[in-house]
Amino acid sequence: DLHFSVFPWAEQKVVFITARVHPGETPSSFVCQGIIDFLVSHHPIAKVLRDHLVFKIAPMLNPDGVYLGNYRCSLMGFDLNRHWANPSPWAHPTLHGVKELIIDMYNNPKINLEFYIDIHAHSTMMNGFMYGNIFEDEERFQRQAVFPKLLCQNAEDFSYSSTSFNRDAVKAGTGRRFLGGLLNDTSSCYTLEVSFYSYLLGGAAAAVPYTEEAYMKLGRNVARTFLDYYRLNSLVEGPLAPTPKTR
Ligand SMILES: [Zn+2]
């Protein structure tokens, strides 16, 4: 939970990030680590982000499943990412707690929850990519595509062409789908997926194996993309590009 208190607006803009709801998806923890490391760093972009945004991060939604070495379920055998609609305080306590926090923020008129990103790892796809929601409102739908497009410019391993927007019934209980229906029309909810094994660079035939460092770099690139997003929307001053490269 990184909470900083210098705000030029009365309304706090909040980015909420969760990871490791599926305990076998270890890469999601490295991506989340990269986000956190960047946000608390001395990088000039990190400082601007801290001055303008509140980042709330729940780095491990399924700690008991991780402890037990489960692939997908919690201690009680639940896939927590199918229980967002009605989490029980005893059967899905971490999910229940995080959802209460998100709803409290949503109901607080001084807080605008602008992004929700849930980090996963994918066992068959390559690269990093996102899932987003489909909305009837065309403008909202288009606005939702902006963040992944900007991330694609910053992260060589992130694929916009693998990014998709859907409303399959099978994904109805996921954080991204549930919060996309709950939060207001200025908020964007995504699932961020990263491959368990490798990524393809543009034009290259050979896949590059992911390393822990490459996962953390994706996290750093996710974090700095928020500055591009808020500059594009004129909420932070300065030219959109180029921003100093993260290493
Ligand atoms: Zn997952």
>> Between the stretch 101-162 and the stretch 56-83, what is the separation of their alpha carbon centroids in Å?
In response: 21
> Reported to two decimal places, what Rg/Rh ratio describes the stretch 108-247 when computed on Cα atoms with Rh from the Kirkwood expression?
Replying inline: 0.97
> Hey, what did the chain get for relative contact order, percent, Cα under 8 Å, at least 6 apart?
Replying inline: 26
>> Using the Kirkwood radius over C-alpha pairs as Rh, can you work out the diffusion coefficient of the stretch 100-188 via Stokes-Einstein at 4 °C, viscosity 1.567 mPa s, in µm² per second?
In response: 91
>> Apply the Karplus curve 6.51 cos²θ - 1.76 cosθ + 1.60, θ = phi - 60°, to the phi angles in the stretch 60-76 and return the couplings in whole Hz, x for Gly and Pro.
In response: 9, 7, 10, x, 5, x, 5, 4, 7, x, 5, 7, 10, 9, 7, 3, 8
>> Counting just the Cα atoms, what span does the chain cover along each of its three principal axes? Round to the nearest Å and put the largest first.
In response: 50, 50, 38
> Using a 1.4 Å probe, what is the accessible area per residue for the stretch 100-182, in Å²?
Replying inline: 45
>> With θ taken as phi - 60° and the coefficients 6.51, -1.76 and 1.60, list the Karplus ³J(HN,Hα) couplings across the stretch 139-147 in order, rounded to whole Hz; mark glycine and proline as x.
In response: 5, 5, 4, 5, 4, 5, 7, 5, 4
> Which value in deg cm²/dmol, rounded to the nearest 500, describes the helix-derived mean residue ellipticity at 222 nm for the chain, given -39,500 (n - 2.57) per DSSP H run of n ≥ 4 and division by the residue count?
Replying inline: -11000 deg cm²/dmol
> In what order, largest first, do Asp185, Asp51 sit by accessible area if the probe radius is 1.4 Å?
Replying inline: Asp185, Asp51
> Which value, in debye to the nearest 20, describes the size of the charge dipole of the stretch 12-232 about its Cα centre when Lys and Arg Cβ atoms bear +1, Asp and Glu Cβ atoms bear -1, and nothing else is charged?
Replying inline: 260
> Taking amide H positions as placed 1.01 Å from N in the peptide plane, with prolines and chain starts having none, which residues 5 or more places from Tyr116, or on another chain, fall under 5 Å of its amide H?
Replying inline: Phe16, Ser188, Cys189, Tyr190
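The values are calculated or read from the model by the stated rules, or taken from the named source; none is laboratory data. Note that the coordinates shown come from a computational prediction; the quantities given were computed from them, not determined experimentally. Heads up, the Cβs are rebuilt from the backbone with ideal geometry, glycines too, and the neighbour counts pull from every protein chain shown. When the accessible area is computed, the model is the full protein with side chains, heavy atoms only, and any ligands, DNA or RNA have been set aside. Shrake-Rupley method; radii C 1.70, N 1.55, O 1.52, S 1.80 Å.
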